[in-house]
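This report refers to the structure that appears directly beneath it.
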């Protein structure tokens with residue numbers, strides 16, 4: 001039986017209040033802490049917002065390290081507000 005071949009060149013894993021982790025093409029590991037808001041309001045869709053932040057950064061050719069940090073900040077900001085309106089600005 002043939003072993004599956006993984007084509008992912010970068011791996012990213014959001015870990016909630018534990019922050020987020022990533023590994024780049026050269027097997028360098030990155031970690032960013034979580035960025036909790038001053039007051040927790042709504043966590044619904046925070047993971048989706050984190051993923052959108054990752055896609056946004058990578059499409060714009062930002063470094064994986066900076067992308068990871070910005071996505072975690074965005075997810076934290078989302079947790080401090082109801083819904084997702086206004087996050088992009």
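The values are calculated or read from the model by the stated rules, or taken from the named source; none is laboratory data. From a predicted model like this one, the values you see are computed outputs, not experimental measurements. Methodologically, a virtual Cβ is constructed for each residue, glycine included, from the backbone with ideal geometry; neighbour enumeration extends over all protein chains shown.
Key figures
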quantity	calculated
Hits in the range 34-58 - residues which are free of Cβ contacts under 8 Å to residues at least 24 places away in the same chain and within 17 Å of residue 23 (Cα to Cα)	53, 55, 57
Residues being assigned to a helix (DSSP H, G or I) and more than 18 Å from residue 82 (Cβ to Cβ) - total across the range 30-72	17
Residue within the range 11-28 that is on the phi > 0 side of the Ramachandran plot, in a loop (DSSP other than H, G, I, E, B) and surrounded by 16 or more Cβ atoms within 10 Å (Cβ to Cβ) present	yes
Test: residue in the range 67-87 that is surrounded by fewer than 16 Cβ atoms within 10 Å (Cβ to Cβ), modelled with pLDDT under 95 and touching a helix residue (DSSP H, G or I) at 6+ places or on another chain (Cβ under 7 Å)	yes
